[in-house]
Structure formats: C-alpha cells, structure tokens
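The values are calculated or read from the model by the stated rules, or taken from the named source; none is laboratory data. Given the structure is predicted, the values throughout are model-derived calculations rather than measurements. Reconstructed Cβ throughout: ideal geometry from the backbone, glycine too, with neighbour counts over all protein chains shown. For accessibility, only protein heavy atoms count, side chains too; no ligands or nucleic acids. Shrake-Rupley method; radii C 1.70, N 1.55, O 1.52, S 1.80 Å.
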Amino acid sequence: MAIRQDTVVAIRAAPGSNKLVVGNVEAAKYPSLDFGLDPEQPVDVANHSWANYFISAYKGAFELLKGSRPGSVPEPVGLQVIVHGQVPTGSGLSSSAAIVCSSMLAVLSALGVPPSELDKAAVAEAACKAERYVGVTSGGMDQAISMMGQQGVAMHVEFNPVRGVCVVLPEGATFVIANSMAVSNKAETAPKRYNLRVVECRLAAVLLAMKLGLNAEEALEKIHTLRDVEPLIAEKYGTADGATCANVVSEQLAEQYGIAEIEEALGGLKLGGLFAAEPGSLRALAVAEADKYSFPLRKRAVHVYSEAQRVLEFRTVCEDASLSSSERLAKLGGLMNDSHGSCADLYGCSCDELDELVAIARGAGALGARLTGAGWGGCTVSLVRDGDVEGFLEALRDKYFKARVEGGTITADRLSEFLFATKPSSGAALLKLDQTDKDTVVVEAVDAEVTAEAPPVAEVLSVVMEDAAAA
C-alpha cells in the first residue's frame, strides 16, 4: 500500500535553455545541480548524488516514449525542477521510487504528453528499469505501488506485465510506521546487500532447474527467476504452491555454494559472463569474490517461495467473508510476524535495530510487525487495532525512541517524522498550476483529490516555482 508521505516534483519547461536545472527545497542538504539535455547521458554511479534519481527518471521517460510512440518522441527541452520530499531516505519507505516515479511523471508532462496517454502500469515498469541506472537492481514493487496505490485499499501487485488488484483490508486496524534510524541507502550499499540478493536468487533458480532436469545450457537460457522454475516443480510434484516449492528447494539445494563450485556446475561458465549485461550484479559479484563469500542459496530461495505464499494468503484472508474482521486481522498479523522471521533468518535483510523494534511492537500489542522495504535498516510496519493506536505509539516512544532523543540522535519535535500511524493512501498524481497576480490555482488535477489538502500543496508549489524561476 501507499502511505501518506509524498515526494513533490515541480517542473516547467525553459525554452531556449540547454540545461536541466535540478534543485531541492532542502538546498543545504541536497544542492542544486545542472545537467545537459541528452537523454542518453550516463548516470555517474561512481559519484552518487541525489539528483542521479532525477536523471535516471529523465532517461527512462524518453525510453518509455521511444518504446510506446517511436514516431513522435518530443525533442528534449530545458527544464527547471525543484524537488521536495517527505519520505525519509534510507528508511525502507521507497523514497527512491517516490522521486523516480514523480520525476518521470513530471518530465512526461513537461514534454507535452497528455495525461490520457499516461498508463500508470507502463510508467511504473519504466521507472523500475530507470532506477537501475543509479546502480540498484530494483524489482519493481516500490514503483508499482508508488504509481498505482489507491486511497483506502491495499494492492496485490503482480509482474510481467505489471498489474495490480485492489484488496480491501478488514476494518478495525491501522498501520503504524516506526523508523529504526538505521540507514541503508540502496544505491550505496547494493553490492553487499540488495544486488547480491538478486544474484543469489538467479543462481538458486538456475541450479534448482538443473536439479529438476534441465542441462546447464537450457537452464542458463530459460531460467532467470525462481518463478521460472515453478512449471518444472509442478510437472514433477503435481503443484507449485509456495509451500511445495520451498520444500523442493530444501531437498534439492545445498546450504552453501562457493563461486568455483557454482561455475563448475554451470559447465565452467564464469559468473561474470552470466551477469555481463547487469552492472549492478557484476559489482556485487566482485565484492563477493573479494570477500570469499559463500552463497546461502537454499535459505534465499526458501524465503522467496514462502514469502510469495504469504502474499497470496494475506489476500485470501482479506477476502474471506466467513471470518469476522477481528479473526481476519489476527491472521494477517500472524502472516506479518512470519514474514519478518523469514526476512531475518532466511533472507538476511534485517538488522539489530529492526529486530528490536519488532519485538517492542509485539510486546506493545501489535497484531503483527515486520520490517518494510528492502531491509538492513529503515522502518517497521505494525498492524494495530484502532483502539490501541495511541497506547501503542506511547509504548514505542518510551521503549525505543526515548533513548534516541536523550542521546541526541533525534529531537523530540521531529519524532512524528519517525513514528506515525497511517491508512492506505493514493499513489502518483498530477497537478497543473496557473499563477495569477494574487494566487496559485490548480487548473487540472489527474488522479488527485483537490479538496482540503489542495491549497497547501498549491502554496508549496508556488513557492517552489518561484525558486525555480530564480535558479
């Protein structure tokens, strides 16, 4: 689901300019940068900058247009851009997806693409690919919900192609987000974390397929994800539900594999050759080789299959009218607890701070609690009965955040940024503004409710556009 925090990208064309001027409301923290107009320009991964996310979106917007309307791709124009984000960075709340998705929508709009031609699923898929330019082999979930999230409902997202089904949650509970303050910036830590898991899952899939009858050449050609192995499992075991797949993995894959062992199994193919087209994976392999890392492929694959099964069970529980809301909420909480255990023990993407927060949350009455996002830091999400929310928040303030405030890690007046309750909120939207002598008005809103929240948004954007004009 999408949450209420957002990233706003204000943009306007600057005819005659040959620059992309990208600024941020928090200029002291995120300084303004200029770029050329070439959509083919490389992203400087070696010198990571916050503006790399905008340039990735800019490149992705043109790639999307070339693929969807090759005969009518607009010429690049100068752009003035100001970004303002409320999504904490490195928190597991998809701040990178928020800026890439909002930037891509903004660029497409500035290039004159009518809103009626903006397919949210297509933009989400393009944003997923574009974010890989910053060095993260993203899977697409963050971009999908950032684009397609809807007010009041969760969404079951599937891929190839990207699509989403709204899932109505049982009444009577609220989600509480708590930031562990352990920061894990995906682009900077990817080689030892996020991208390494991508490599491990591909290797697990290929080796599992070979155990199930494919030779090395067939497996390398046909198998790219663990989902690709499911037909082989179904053929041999009669079904390919998550539990069956996880059991097959436990039977067929060893606990640990070294690089040399994997390359021998693949007929002598060097892993660098297998991932030659994936720069993020190559960097992860280089780090793994330097560290003499052993790949725990069984654990990784068991987690993926069991987590996929939990997603399906979560939706099934939500839709089970034979259960009361209270019964459904209890089951959902149990699935969240199981998910965190699997993330921590099998996928290895938790950390001490997240585990501590989850334990405190469960002790404070959460029906369920787990890490959210890529892991290794960031936030937890807890499912809490509506009547217990205030007491739950107070317990987390006292047992987790109080020591951080006293130690100077955060200030008390900023605590609401790190701990808050939320209901499912809307995803991406477009607001077109017009500035008069006296006011800034919304002249068009696409997928946005221009109600009580619109005037503050318009006011912020008017200031942003004045800043852009002065840039």
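Taking first residues from region 111-135 that are on the phi > 0 side of the Ramachandran plot and partners that are part of a helix (DSSP H, G or I) and open to solvent by 50 Å² or more (accessible area, probe 1.4 Å), no Cβ contact under 7 Å between residues at least 6 apart in sequence or on separate chains turns up.
Please work out which residue is surrounded by the most Cβ atoms within 10 Å (Cβ to Cβ), limiting yourself to region 408-443 and to residues that are at pLDDT 90 or above and part of a loop (DSSP other than H, G, I, E, B). That would be Ile410. The listed residues are Ala276, Ala254, Ala284, and the only one of them that is at pLDDT below 95 and either part of a loop (DSSP other than H, G, I, E, B) or closer than 16 Å to Leu346 by Cβ (or both) turns out to be Ala276. Please determine whether any residue of region 63-75 is in a helix (DSSP H, G or I), crowded, with 24+ Cβ neighbours inside 10 Å and in contact with a helix residue (DSSP H, G or I) (Cβ under 7 Å, 6 or more places away or on another chain). Within region 63-75, one or more residues are in a helix (DSSP H, G or I), crowded, with 24+ Cβ neighbours inside 10 Å and in contact with a helix residue (DSSP H, G or I) (Cβ under 7 Å, 6 or more places away or on another chain).
Please determine, by comparing only the residues of region 382-430 that are of a type in the set (Lys, Arg) and farther than 15 Å from Leu367 by Cα, which one is nearest to the chain's Cα centre (by Cα). By that ranking, first place goes to Lys423. Of everything in region 14-35 that's under 12 Å from Ser49 (Cα atoms) and among the aliphatic types (A, V, I, L, M), which residue is nearest to the chain's Cα centre (by Cα)? So the residue we want is Val22.
If the condition is being touching a residue at least 60 places away in the same chain (Cβ under 8 Å) and among the charged types (D, E, K, R), then region 401-437 contributes Arg404, Glu417, Lys423, Lys432.
Can you work out which of the residues in region 361-386 that are of a type in the set (Gly, Ala, Ser) and part of a helix (DSSP H, G or I) is most open to solvent (accessible area, probe 1.4 Å)? Checking each candidate, the answer is Gly363.
Just the residues that are under 22 Å from Val153 (Cβ atoms) and in contact with a Gly (Cβ under 6 Å, 6 or more places away or on another chain), please, taken from region 286-308. Within region 286-308, Ala308 is the sole residue that qualifies. Has region 258-270 got at least one residue that is at pLDDT 95 or above, open to solvent by less than 60 Å² (accessible area, probe 1.4 Å), under 22 Å from Gly348 (Cβ atoms) and of a type in the set (D, E, K, R)? Checked against the condition, which is being at pLDDT 95 or above, open to solvent by less than 60 Å² (accessible area, probe 1.4 Å), under 22 Å from Gly348 (Cβ atoms) and of a type in the set (D, E, K, R), region 258-270 yields no hits at all. Residues of region 15-30 that are touching a helix residue (DSSP H, G or I) at 6+ places or on another chain (Cβ under 9 Å) and in contact (Cβ under 8 Å) with a residue 40 or more places away in the chain: Leu20, Val21, Val22, Gly23, Val25. Of the residues making up region 313-327, those that are open to solvent by 40 Å² or more (accessible area, probe 1.4 Å), assigned to a helix (DSSP H, G or I) and in contact with a helix residue (DSSP H, G or I) (Cβ under 7 Å, 6 or more places away or on another chain) are Glu313, Phe314. The one condition from (1) surrounded by 14 or more Cβ atoms within 10 Å (Cβ to Cβ); (2) not in a loop (DSSP other than H, G, I, E, B) that Gln5 does not meet is (2).
How about region 26-46: which of its residues are hydrophobic (A, V, I, L, M, F, W, C), within 20 Å of Ala10 (Cα to Cα), open to solvent by less than 80 Å² (accessible area, probe 1.4 Å) and in a loop (DSSP other than H, G, I, E, B)?
Ala27, Leu37
Inside region 352-380, residues that are at pLDDT 95 or above and out of contact with any Leu (no Cβ under 8 Å at 6 or more places or on another chain) make up a count of 9.
Across region 114-138, the qualifying residues are those that are crowded, with 21+ Cβ neighbours inside 10 Å and hydrophobic (A, V, I, L, M, F, W, C), and the one among them that is modelled with the lowest pLDDT is Val136. For the residues Val358, Val389, Val405, the requirement of being closer than 21 Å to Gln151 by Cα and open to solvent by less than 70 Å² (accessible area, probe 1.4 Å) singles out Val389. Condition first: of a type in the set (D, E, K, R) and in a helix (DSSP H, G or I). Now tell me which residues in region 118-158 satisfy that. Lys120, Glu125, Lys129, Glu131, Arg132, Asp142 - these are the residues of region 118-158 that are of a type in the set (D, E, K, R) and in a helix (DSSP H, G or I). For residues in region 331-343 being more than 19 Å from the chain's Cα centre (by Cα) and either among the acidic types (Asp, Glu) or more than 13 Å from Arg362 (Cβ to Cβ) (or both), which is least open to solvent (accessible area, probe 1.4 Å)? So, considering only residues that are more than 19 Å from the chain's Cα centre (by Cα) and either among the acidic types (Asp, Glu) or more than 13 Å from Arg362 (Cβ to Cβ) (or both), the one least open to solvent (accessible area, probe 1.4 Å) is Leu332.
The residues in region 231-247 that are under 17 Å from Ser342 (Cβ atoms), open to solvent by less than 60 Å² (accessible area, probe 1.4 Å) and assigned to a helix (DSSP H, G or I) can be counted, and the count is 5.
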